[in-house]
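Undergrad: Can you read through this structure? Questions will come right after.
The values are calculated or read from the model by the stated rules, or taken from the named source; none is laboratory data. Computed from a prediction, not measured in an experiment: that's the story for all the values here. Every residue, glycine among them, receives a Cβ derived from its backbone with ideal geometry; neighbour counts consider all protein chains shown. Accessible surface areas use protein heavy atoms only, side chains included; no ligands, DNA or RNA. Shrake-Rupley method; radii C 1.70, N 1.55, O 1.52, S 1.80 Å.
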Amino acid sequence: MPAKSIEKNALMFSNRYLAALIIPLLIETLLNVTIGMMDTIMVSTAGEASVSGVSLVDSLANLFVFLFSAFATGGAVVASQYLGRNDSKNASRSAKQLIYLSLSFALLIAFLLIVFRIPVMKLVYGSIEEDVERAALMYLTPIAISFPFLAVTNSANAICRSMGKSRITMTVSLVMNIINVSGNAILIYGFGLGSLGAGLASLASRVAASLIMLVVISRDGQQIRVENIFRFEIRPDMLGRILRIALPSGIENCIFHIGKILVSSTIASFGTASIAANAVFNSLGTFANIPGTAIGMAAVTVVGQCCGARKFDQAVYYARRLLLLTYALMGVTCLFIYFATPAISGLYNLSEAAYSMAVSYTRLDLVQTIIFWPLAFTIPNFLRASGDVRYTMIVSICSMWAFRVLCAKILGVYLGLGLLGVCWAMFIDWYCRGAFFLVRLIRGRWKEKTVI
């Protein structure tokens, strides 16, 4: 990533600003991951079937959660680029359109999932054990109801991050975490509701967060302020700019997670032990990725504002710094989890077979993660922040389906490697997408893309 020499006093962002942006995002991401992990650990007291049911629903729900995130990313890129041009008025207009867009989509998805929850589960996962299916359906209903609240929260969070106010989103995530864990304790341990209790606790936390964030983004004296949110208005130009980023990102995330669901369906055919081991594997892997995820969110603000100001040399400078920081921090998290994996896996009340797979495959994943994950998943956020979303979409979709989905079937089923084969299929996917994204960043074609 060659970059011109830049005078320090000409930089758009100071080290203090970057620290104030990234540190709260790290804490926020940790809290968000903890919510999912605590759901799984606490519901495990109801048995392995409940753990498996929650895991299957989370795989399905993540398809829509990442679609909401795609809308939020689209809005954040547009707002960040407007702020880079010192145009707060249009940044505020784009924020209001983002809220309407994400909420409308989430309401539609929630309605369809609630009405067709049984056919959807059977279509996606086929024939699964009866107790696993029962736990999954009980968990799915409150999770689906929570989608509109989650969509509003994600959009409002993206708006705050565009202004560099990640401390606010961190605080709200802390509130969500407290509500969720307290709700789990009461509903799972106190009332014995199992997976249903975990779902209701998540619903309560998301409702509270959405209400708080709506108040936050409506306050006076901010660079971006959503005024008169209940006075409905449509601005096609703003929606078009958001969708120009959101649609390719949404398609990418949708197809990517459909692929992941198909992989989960393949894992489901290996039996309950493999499903439960995969749930632990995913939880610990997500924990290891916290620095990359947080820095990827920060990149939308930093690189987006640089591109909006047409200071591409600074965009390259900050992309390089953020990538190096990702490697440094993920080295720490991966090393910690590597040695803590046996103890953490023991919290899930797994069978001996599931525990053995969870420990060995998680450790294999951590070795691959520290080398290849930042290339495959942090770099594309740099590209998206500039508006280069079509390229990331094409690479992600092709790599996912050609390698992760197809290879999972070949290695896991036809060659009989089971969950280990699925893991190696995922690593091959990382190798491919990481190579393409790195070359794109170095060559600089992303600088030709425009959003506003």
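Undergrad: Over the stretch 112-246, what is the mean sequence separation of C-alpha contacts under 8 Å (at least six apart), divided by residue count, expressed as relative contact order in percent?
TA: Computed value for the stretch 112-246: 27 percent relative contact order.
Undergrad: Moving to a separate point now. For the stretch 207-235 and the stretch 240-291, write down the distance between their C-alpha centroids in whole Å.
TA: Distance between centres, Cα-based: 30 Å.
Undergrad: Quickly rank 173-184, 328-339 as a protection proxy: mean count of other C-beta atoms within 10 Å, highest first. Intermediate values should be presented prior to the final figure.
TA: Values: 173-184: 19.2, 328-339: 16.0.
Top to bottom by mean Cβ count within 10 Å: 173-184, 328-339.
Undergrad: In whole Å, largest first, what are the principal axis extents of the Cα atoms in the stretch 19-97?
TA: The Cα atoms of the stretch 19-97 stretch 55, 28, 13 Å along the principal axes, largest first.
Undergrad: Give the peptides 116-124, 229-237 in descending order of average Cβ contacts within 10 Å, highest first.
TA: Most protected by this proxy first, the peptides run 116-124, 229-237.
Undergrad: Extent of the stretch 69-192 along each principal axis, from alpha carbon coordinates, in Å, largest to smallest?
TA: Principal extents (Cα only, largest first): 57, 32, 17 Å.
Undergrad: While we're here: Putting +1 on Lys and Arg Cβ atoms and -1 on Asp and Glu Cβ atoms, find which of G183, S345, V33 reaches farthest to the positive end of the dipole of the chain.
TA: V33
Undergrad: Give the shape of the stretch 156-271 as rounded, prolate or oblate, defined through the alpha-carbon gyration tensor: a ≥ b ≥ c are the square roots of its eigenvalues, a/c under 1.5 means rounded, and otherwise the shape is prolate if a/b is larger than b/c and oblate if not.
TA: Because a/c hits 1.5 or more and a/b fails to exceed b/c, the stretch 156-271 counts as oblate.
Undergrad: Any idea what the dipole of the chain comes to, in debye rounded to 20, about its Cα centre with Lys/Arg Cβ at +1 and Asp/Glu Cβ at -1?
TA: Dipole size: approximately 1940 debye.
Undergrad: Right, here's the next one. With a 1.4 Å probe and every protein chain left in place, work out the accessible area per residue of the chain in Å², rounded to a whole number.
TA: Working: 17940 Å² over 452 residues.
So the chain comes to 40 Å² accessible per residue, rounded to a whole number.
Undergrad: Follow-up question, since we're still on this one. Please state the shape class of the stretch 399-452: rounded when a/c is under 1.5, otherwise prolate if a/b exceeds b/c and oblate if not, all from the C-alpha gyration tensor. Don't skip to the answer; put the middle values down first.
TA: Values: a/c = 4.92, a/b = 3.27, b/c = 1.50.
Verdict is prolate for the stretch 399-452.
Undergrad: Please work out the Cα convex hull volume for the stretch 280-399 and give it in Å³ per residue.
TA: 97 Å³
Undergrad: Which peptide among 320-327, 58-65 comes first, and what is the full order, when sorted by highest mean count of other Cβ atoms within 10 Å?
TA: My ranking of the peptides, most packed first, is 58-65, 320-327.
Undergrad: Would you mind checking the pairs K122/K260; K89/K311; K89/K260 and listing those with alpha carbons more than 28 angstrom apart?
TA: Pairs exceeding the cut-off: K89/K260.
Undergrad: Rounded to the nearest 500, what is the chain's calculated 222 nm mean residue ellipticity when only DSSP H runs of at least 4 contribute -39500 (n - 2.57) each, over all residues?
TA: When only DSSP H runs of four or more count, the value is -26500 deg cm²/dmol.
Undergrad: A further question follows. I'd like the distance between the alpha-carbon centres of the stretch 403-418 and the stretch 51-106, rounded to an integer number of Å.
TA: Taking the Cα centre of each part, the stretch 403-418 and the stretch 51-106 sit 33 Å apart.
Undergrad: Shifting gears a bit: Across the Cα atoms of the stretch 180-237, what radius of gyration and what greatest pairwise Cα-Cα distance (Dmax) are found, in Å?
TA: 17.4, 51
Undergrad: Right, next: Convex hull volume of the Cα atoms in the stretch 123-222, per residue, in Å³?
TA: Here the figure is 101 Å³ per residue.
Undergrad: What are the principal axis extents of the Cα atoms in the stretch 205-312, in Å, biggest first?
TA: If we take the Cα atoms of the stretch 205-312, the spans are 54, 38, 28 Å.
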